[in-house]
Amino acid sequence: MSVTILVGGQWGDEGKGKVVDLLADRVDVVVRSQGGNNAGHTVVSEGREFRFHLIPSGILCPDTVCVIGHGVVVDPKAFLAELAHIQAQGVDTRNLVISDRAHMVMPYHPVFDQLGEQQRGDDRLGTTRRGVGPTYEDKVRRIGFRIGDLQKPKFLEKKLRFVLRLKNETLTRLYGAEPFDEQAILDEYIGYGELLDPYIRDIYPLVQGAMVEGRRILLEGAQGVMLDLDLGTYPYVTSSAPTAGGALTGSGIPPSRVTNTVGVFKAYTTRVGYGPFPTELTGELGEYIREVGAEFGTTTGRARRVGWFDAAVARYAVNTNGIESIVLTKLDVLDTLETIKICTGYTSKGERWDHPMANISHLKHAEPEYTELPGWMTPTRQCRSFAELPAPCRDYVEQLAERCGASIDAISVGPDREQTIIRRPLI
Ligand code: GDP
Ligand code: IMO
Ligand code: MG
């Protein structure tokens, strides 16, 4: 029996999808535990590209059971579109399961997401506008709809009558927006219920059974630690807990069962949306790395902001999540740089910080402290062992490991499954 947690260690898009796909055939069950279709996970296998938003990135492994856990919020329309898309790509989805406890994105949630952003004006967060935040809001407010509600049309109808009145009042009175029609939503969602029925399960027996039977479980995180509601750059965060803790509550697995926590980190840093980013490169170099790294969002197509590796952020993620193994991705993107910097801490208001501070306006203006290393100026995409990497590249990796306080057990040197260096098995 093993339980491996996989989290993104930065602001998302670290390459988690690739790593989950890589590990999927070493496990029996993959559970996606939080987030929604705000996530975009790209997997490249034998030159073919697959993009996942809600469906776990382990789905390309037909024998691995892929679970959408109860910590996830599911937009049924988006889920069905994604399902149809990957089925058309020839992916076998018979082993896909959705928790009946997972909350549902309702048609008004993306509207509230958009209106909320408009209302914030210049202080907008830059959300993905998928309605994920408002869905979690309703979950906490205890007026959310769960996937299992689709199997109880009478209950769904009664609850919708109550909730939609609240929603429509807010929409019309506060925002001057159009109200939603109750019957239209009911018809739409009852239709989704019929299509989703084969996938909906109580995942408690499945997950507990897997542990009792000694199976190997991988918990797939979305987003990243710096987008966590508590640990991240609040309010410029997502509305869930993309941490090791969130992975456990989102799947129903106790902490005592965890075998290993893997953190995925990009060899530099990116961020989509607004909020502080101390090591951001706003000039030509940032532009260059964005082009070489194809840093454009999988979900919204937005250009990702780019910056140097921030070891203060990474160490914070390692320490708050108990990360023991690091997978370093996109090392190849730095292949042509003459010099490379690592941020080791910040100075803010005359004080030195070795981790990101809670005060985001201080973090925004913090002066990063850098150590500079020579680049390797050699292509690394063909390397398949650590020894094959050029010496300055190995030095960079070793420096990162030391500064993060965890070992770098795997290195990704290209988007394809094959373009990976495994130094120590992660599972
Ligand atoms: P996720 O959200 O953490 O799964 O990451 P995304 O899929 O949103 O973004 C990572 C992007 O980088 C994807 O387009 C991947 O195909 C790509 N990628 C992953 N690993 C590597 C790598 O080692 N090198 C390069 N050049 N691209 C990579
Ligand atoms: P993956 O799983 C990068 C960001 C959004 C925005 C903030 C809040 O692919 O790494 P939300 O729609 O969640 O309310 O937006 O969070 N964000 C992500 N950034 N990768 C993601 O997921 C993200 N999911 C949300 O850009 O800044
Ligand atoms: Mg992504």
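No value in this document is a laboratory result; all are computed from the given coordinates. This is a predicted model, so every value here is computed, not measured. So basically every Cβ, Gly included, is an ideal-geometry build from the backbone, and we count neighbours across all protein chains shown.
Compute the signed sum of charges (Lys and Arg +1, Asp and Glu -1) over the other residues within less than 14 Å, Cβ to Cβ, of residue 282.
Every neighbour counted, the sum reads +1.
Roughly how far apart, in whole Å, are the Cα centres of region 24-43 and region 410-425?
Comparing the Cα centres of region 24-43 and region 410-425, I get a distance of 18 Å.
What nm distance separates the two modelled labels at residue 119 and residue 194, each placed 7 Å from Cα along Cα→Cβ?
3.7
Tell me the label-point distance for the pair residue 354, residue 187, using the 7 Å Cα-to-Cβ offset, in nm and rounded to one decimal.
Result: 6.3 nm between the two label points.
What is the helix-to-structure angle for 76-88, meaning the angle in degrees between its Cα long axis and the longest Cα principal axis of the chain, kept from 0 to 90 and rounded to the nearest 10?
For helix 76-88, the angle is close to 60 degrees.
At a 10 angstrom cut-off on C-beta neighbours, averaged per residue, how do the peptides 143-150, 53-60, 215-222 rank from highest to lowest?
215-222, 53-60, 143-150
What spacing in nm lies between the two simple spin-label points modelled at residue 230 and residue 155, each 7 Å away from Cα in the Cβ direction?
Simple spin-label model gives 2.9 nm for this pair.
If we count other beta carbons within 10 Å of each Cβ, what is the order of 68, 190, fewest first?
The order, fewest Cβ neighbours first, is 190, 68.
What shape does region 103-199 take by its C-alpha gyration tensor, where a ≥ b ≥ c are the square roots of the eigenvalues and a/c under 1.5 counts as rounded, a/b above b/c as prolate, and the rest as oblate?
Taking the square roots of the gyration eigenvalues as a ≥ b ≥ c, region 103-199 is prolate.
Order 24-34, 404-414 from most to least packed using the mean count of other Cβ atoms within 10 Å.
Most protected by this proxy first, the peptides run 24-34, 404-414.
Starting from the Cα-Cα distance between residue 372 and residue 212, subtract it from 0.36 nm times their residue separation and give me the gain in nm to one decimal.
That pair, residue 372 and residue 212, stretches by 52.7 nm at full extension.
Nothing charged except the Cβ atoms of Lys and Arg (+1) and of Asp and Glu (-1): what's the magnitude of the dipole of region 103-199 about its Cα centre? Round to the nearest 20 debye.
The calculated dipole for region 103-199 is roughly 440 debye.
Mind listing which trypsin sites (Lys or Arg not before Pro) in region 270-323 are in a DSSP loop and have 10 or fewer other Cβ atoms within 10 Å?
Here no trypsin sites (Lys or Arg not before Pro) fit, given the DSSP loop and packing criteria.
Top mean-square fluctuation among 104, 226, 211, Gaussian network model of the chain, C-alpha springs under 10 Å?
211
Quickly rank 154-164, 348-358 as a protection proxy: mean count of other C-beta atoms within 10 Å, highest first.
The most tightly packed comes first, giving 154-164, 348-358.
Please rank 18, 167, fewest neighbouring Cβ atoms within 10 Å first, as an exposure proxy.
Lowest to highest Cβ neighbour count: 167, 18.
Output the 0 to 90 degree angle, nearest 10, between the alpha-carbon long axis of helix 108-120 and the longest principal axis computed from the alpha carbons of the chain.
Approximately 50 degrees, to the nearest 10.
Assuming a ≥ b ≥ c are the square roots of the Cα gyration tensor eigenvalues, decide whether region 167-293 counts as rounded (a/c under 1.5), prolate (otherwise, with a/b larger than b/c) or oblate.
Note, shape of region 167-293 comes out oblate.
Quick check: the angle from helix 203-212's long axis to the longest principal axis of the chain, C-alpha only, nearest 10 degrees?
50
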